[in-house]
């Protein structure tokens, strides 16, 4: 049976220079939720400001940040605000503190918004972070105060305010200007981060030319590329080779083995050949950091990640890394969360009674 060959763009990460990248405007939430924060390694590091360290950098998922909102358009594109100046090694979470959120919205963002927006827009927006917080909690507070036990569950609403594109350029310039004022210096270096994800099924096409043409059409409806720089924009291209039969779990009316779903695995010898070919093209004997991930207990079936050194011609040309993996990955990927990735995994090995004793003694 002939295999399906498909091309797609799965995701885009970028550090735009302005909120004006949202060509059709964006929706914002002035009471952000820590549940929307980035929890996985995106393979991108940002330099830390000199007040923290002049030589260090940190992963985006470790730097305090929050999701400001979403771009209006056909693609799922979110915008985050990152605070490198608030980074520290022993920080328990990557979400800004309550005080930091209050200062950002009340000292920077909302004043900048009032400086650049007319009254007809402002009358619909929150006037402070505390105002936004109370609005988000209003529904839950009403239900808790009632006598209907069926509505006694607390609830935090996600606020959504639309900002048109014409406001965004001046708005961000005003925010940056306010970071220079006394009392706001720890906000210097704040960065916009764009995360466009889960685009695979929207851009999937049978040829490389058709999928890229379709993607550019969708992208242009949401983003103004003039606010992006090639060195701070990362595109995840994908090529899939898939067995054309798929079935819902526990539904099997196949008449022979050909009609059963199949998963094709990478052989390690084939992966090594790909590395050899890459080294020949780069004209280097090494130049790559190669990591193999074996499939369960097999010796020959594996996935592979190949990262080019900075001096490598592939890296100079813009290739951050290449991954070769099987579709069996989807069975273990729950919204970018994988088993045994928790840093506190060793706690599972502690006897349950001992855990309860420790909690009772420590009070938590």
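A few notes on this one:
- Debye intensity ratio in log₁₀ form over the Cα atoms of segment 1-84, taken at each q of 0.13, 0.18, 0.25, 0.26 Å⁻¹: -0.55, -0.90, -1.36, -1.40
- Compared with the alpha-carbon gap, the fully stretched path from residue 121 to residue 216 is longer by 31.0 nm at 0.36 nm per residue.
- Longest to shortest principal axis, alpha-carbon extents of segment 13-235, angstrom: 60, 44, 38
- Calculated [222 nm] ellipticity per residue, helices only, for the chain: -7500 deg cm²/dmol; basis is -39500 (n - 2.57) per DSSP H run with n ≥ 4, divided by all residues, nearest 500.
- Cα gyration tensor shape of segment 263-364, rounded if a/c is under 1.5, else prolate or oblate by comparing a/b with b/c: prolate
Values in this text are rule-based calculations from the coordinates and carry no lab data. Keep in mind that what you see is a predicted model, and the values were worked out from it rather than measured.
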